[in-house]
Each structure stands twice: as C-alpha cells, then as structure tokens.
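Any read-out appearing in this document is the output of simple, stated calculations on the displayed coordinates, not a laboratory observation. Fair warning: this is a prediction, and the values are worked out from it, not measured in the lab. Here the Cβ positions follow ideal geometry from the backbone for every residue, glycine too, while neighbour counts run over all protein chains shown.
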C-alpha cells in the first residue's frame with residue numbers, strides 16, 4: 001500500500017507526472033507556463049518552478065491533464081482550471097517538464113515537520129520557544145493565513161538544525177526575518193524538531 005492520493009504529483013527525470021485513478025500519467029505542455037510550474041513545485045515542497053518544455057516519456061503513460069490554467073494561489077495542481085481528466089490533444093512527446101528549486105530561507109512541511117532551506121540544504125527548526133506566532137510566519141510564507149505549533153510531536157528529521165530560539169512577532173515576511181540564535185547556532189537534537197499545521201480562514 002502506498003501513501004499517494006488523487007492529484008499527487010511527482011517528477012520523473014524532470015517530467016511532471018500526476019496521479020489519477022491510481023495511475024500515474026503526464027501533463028500536456030499546451031498552455032503550461034511558469035505559473036503552473038510554480039503551483040506544481042509548491043505542491044512538492046519547493047518555493048519556485050519553471051517550465052523546461054516538452055519531454056518525451058520513455059515509457060508511454062496516460063496523458064491525464066491538458067489546458068491547465070493556474071492563477072498562482074492554488075496549493076495543488078488539481079485546484080487549477082483544466083479540461084476533463086484524460087481529455088487532451090497531445091502526444092507522448094508533448095509531456096511537460098519542469099524544474100523546481102528553493103531560495104535561501106524557504107520553508108516546507110514534511111510529514112508535519114517544519115523544515116527550512118539554508119546554505120544549499122534542508123534542515124529542521126528546534127521547538128525551543130517556538131509558538132503559534134512562529135508557525136504563522138512560516139505558514140504565511142507558504143501561502144496560508146495562519147499556523148499553529150505542534151511542538152515536538154512529529155517524526156525526527158535528519159541533517160542540520162538550522163534555527164533555534166525563534167521569537168517571531170507574527171508580522172515578519174519570512175521565518176528567516178525573525179530573531180533567533182542565528183543560522184546553525186543551536187543546542188538541540190532531532191527529538192526537538194518542531195511540527196506545524198497551516199490553516200486558511202475557512203479551515204476548522
């Protein structure tokens with residue numbers, strides 16, 4: 001059994017693939033632009049994305065989506081306007097390819113654990129002094145309205161712990177703008193990795 005859900009996306013050698021009806025398929029490059037790529041990349045936990053153009057599938061796959069039109073605020077590719085699943089005017093050599101990338105201080109949520117990108121690598125955030133104001137700044141950075149801290153109730157991360165003793169006011173644009181001990185200055189281990197939950201105003 002896998003953990004994939006309807007509308008999940010993945011990259012295969014740069015080619016964008018999406019899950020529908022328990023089958024992975026491709027997305028047509030027709031009208032697909034950098035806004036669409038950015039939505040797909042945000043869904044994968046990245047901050048930014050660009051279109052690479054057409055990429056032929058080495059193994060023929062169903063073409064699930066065509067004529068995508070994202071606005072940019074969507075959290076998932078399936079939230080964007082598109083014609084019916086499986087309807088298309090494309091061939092297998094018209095599958096779209098994208099590249100996802102992060103910026104310094106970008107954040108993502110991985111299995112409810114908050115992670116932040118710094119110096120070329122992803123790392124974790126310590127739960128010392130971390131509260132809902134810190135979570136809200138991180139969630140706003142991801143496009144949500146607010147956030148709550150889950151404390152150290154999530155699975156352990158790996159690599160560096162990048163931030164400790166965060167003290168956000170709640171008005172900062174990014175988590176990296178908040179006062180802290182400094183990048184990589186910490187006295188934590190991965191049992192103290194903080195988790196967050198992001199919310200929109202309509203969420204319960």
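A Förster radius of 30 Å combined with the Cβ-Cβ distance from residue 69 to residue 110 puts the calculated FRET efficiency at roughly 0.55.
Here the range 55-119 is treated as a Stokes sphere of Kirkwood radius computed over C-alpha pairs; at 25 °C and 0.890 mPa s its diffusion coefficient rounds to 167 µm²/s. Apply the Kirkwood formula to the range 9-101: the hydrodynamic radius equals the inverse of the mean of 1/r over all pairs of different alpha-carbon atoms; give it in Å with one decimal. Radius from the Kirkwood sum: 12.6 Å. Rounded to the nearest angstrom and listed largest first, the equivalent-ellipsoid semi-axes of the range 38-85 from its Cα gyration tensor are 20, 15, 9.
The order of 89, 161, going from fewest to most other C-beta atoms within 10 Å of their C-beta, is 89, 161. Rounded to 0.05, the FRET efficiency of the residue 31 and residue 5 pair, given R0 = 22 Å and the Cβ-Cβ distance, is 0.30.
Relative to the longest principal axis of the Cα atoms of the chain, the long axis of helix 34-43 lies at roughly 50 degrees.
Exposure proxy shown here: for 88, 190, the number of other Cβ atoms within 10 Å sets the order, fewest to most, as 190, 88. Using a basic spin-label model with each label point 7 Å from the Cα along Cα→Cβ, how many nm lie between residue 185 and residue 83? The modelled label-to-label distance comes out at 5.8 nm. The slack between residue 24 and residue 93, meaning 0.36 nm per residue of separation minus the straight C-alpha distance, is 23.2 nm. Model label sites at residue 197 and residue 61, defined 7 Å from Cα along the beta-carbon direction, differ in position by 3.2 nm. Taking every DSSP helix (H) stretch of at least 4 residues in the chain, weighting each as -39,500 (n - 2.57) and dividing the sum by the residue count yields a mean residue ellipticity at 222 nm of -3000 deg cm²/dmol. Restricting the calculation to Cα atoms, the range 107-199 shows an Rg/Rh of 0.91 when the hydrodynamic-style radius is the Kirkwood one. Restricting the calculation to alpha carbons of the range 159-204 gives Rg and Dmax of 12.9, 38 angstrom.
Here the range 140-204 and the range 1-73 have alpha carbon centers that stand 28 Å from each other. Residues 79, 134, 93 in ascending order of nearby Cβ atoms (within 10 Å, fewest first): 93, 79, 134.
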